[in-house]
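The values are calculated or read from the model by the stated rules, or taken from the named source; none is laboratory data. These numbers come from a predicted model, not from an experiment. Reconstructed Cβ throughout: ideal geometry from the backbone, glycine too, with neighbour counts over all protein chains shown.
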Amino acid sequence: MNLWERKGIRVAVSMVVTGLALWLSFRKIDWQIFWASFSQVRWFWVGLATANVIFIVYALGWRWQILLRPKANIPMNRLFHLNIIGQYTNIIAPVRLGEIVRGYLAAKEDNLPGGYAIGTIVFEKILDFFIFLCFWIIIPIVFVLGNSIRGYRVVLIASGLVLAILAFLVLKPEFFLEFYRKISRIFPKKYREKLQNFFSSGMESFQLLKNWKAALVLVAITVAFIGGRALSNFFLFQAFGLKLSYWAALVVLLAVQAGNIPPSIPGKIGVFEVAVILALAVFGIGKGEALVYGIMLHLVAYLPKIILGQYIIVRYKIKW
């Protein structure tokens, strides 16, 4: 199967998933409740949720700044621009290329080793995964979901293995470097040295975990970042007059994150709304109200990043 055939299959699957998600979202909707919910929106809370979304993207730069500090001291405003461009790309592109784009721009325009820049982003994604995994495990326990918790044993085993590999990566990087040197022999000679240098500089970013104080700060920032994202969901509860707690906002966030797993068209149209509807159903929120809330949350979470991302690209004449 060639590249174009694989791309064609991916596009077809994405279209099917999106179509199914849209059908499930709008199936048997009470349109009277739908429009009534929209007409009663408190826009102050929508504005507050939007401002919080932008602030969280800015705050993300603090964690990345800590990771990049051994190689460069990049200002927060610059990191904010790179993070916005990365998230903008993730939203509009058919595949999630945003992390590669912001790593490439950081390496190209801020004199960073490419491998190190990408390595810090990989580290961020791994850290995010483990923190979200903890929430995915803890929340069902909090809500006392009974026998369904047993299914998480598989997740625990998988996360334990990944954690062990990560720890081994930090403690024994020379093992992975030697393994990669052997594997890299399959590459043409003119690329071999560049690839080895790229891999070596990428491995450096993981050494920050050897400093337990830095590791503790990074974990605390990541937890605060996730909590801050859930705060936007909570603000929108107030906008629609939903009497739900902050924990419900966190459940919605976890559901939306799970919705990033299946392939879909850019923007997660339909899939995002289904995830929100399913999450709010746990708290007894009807489908009509949940759909309106999901659409508004989708706009609040994505539209500011699209507008700011396009503005930054045009303003600073960034070329893809």
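Of everything listed in (1) over 30 Å from residue 66 (Cα atoms); (2) of a type in the set (A, V, I, L, M, F, W, C); (3) in a helix (DSSP H, G or I), the single unmet condition for residue 217 is (1). Of the residues making up the range 66-77, just one is free of Cβ contacts under 8 Å to residues at least 24 places away in the same chain and either closer than 19 Å to residue 307 by Cβ or surrounded by 17 or more Cβ atoms within 10 Å (Cβ to Cβ) (or both), namely 77. Just the residues that are within 13 Å of residue 135 (Cα to Cα), surrounded by fewer than 15 Cβ atoms within 10 Å (Cβ to Cβ) and small (Gly, Ala, Ser), please, taken from the range 212-230. 224 - this is the single residue of the range 212-230 that is within 13 Å of residue 135 (Cα to Cα), surrounded by fewer than 15 Cβ atoms within 10 Å (Cβ to Cβ) and small (Gly, Ala, Ser). Residues of the range 106-122 that are over 13 Å from the mean Cα position of the chain (by Cα) and assigned to a helix (DSSP H, G or I): 106, 107, 108, 109, 114, 115, 116, 117, 118, 119, 120.
Scanning the range 111-121 for residues that are more than 21 Å from residue 222 (Cβ to Cβ) and in contact (Cβ under 8 Å) with a residue 40 or more places away in the chain turns up 112, 113, 114, 115. Under the condition of being in contact with a Phe, Trp or Tyr (Cβ under 6 Å, 6 or more places away or on another chain) and more than 23 Å from residue 230 (Cβ to Cβ), the residues counted in the range 45-77 number 1. Taken over the range 232-241, the criterion of being surrounded by fewer than 20 Cβ atoms within 10 Å (Cβ to Cβ) and either modelled with pLDDT of 95 or more or on the phi < 0 side of the Ramachandran plot (or both) is satisfied by 238 alone. The residue of the range 78-107 that is surrounded by the most Cβ atoms within 10 Å (Cβ to Cβ), among those that are of a type in the set (S, T, N, Q) and touching a residue at least 12 places away in the same chain (Cβ under 8 Å), is 87. Screening residue 131 with (1) under 28 Å from residue 282 (Cβ atoms); (2) at pLDDT 80 or above gives one miss only, at (2). Return the residue satisfying two criteria in turn: it lies in the range 269-288 and is in contact (Cβ under 8 Å) with a residue 60 or more places away in the chain and either of a type in the set (Gly, Ala, Ser) or assigned to a loop (DSSP other than H, G, I, E, B) (or both), and of such residues it is surrounded by the most Cβ atoms within 10 Å (Cβ to Cβ). Checked the range 269-288; the qualifying residue surrounded by the most Cβ atoms within 10 Å (Cβ to Cβ) is 270.
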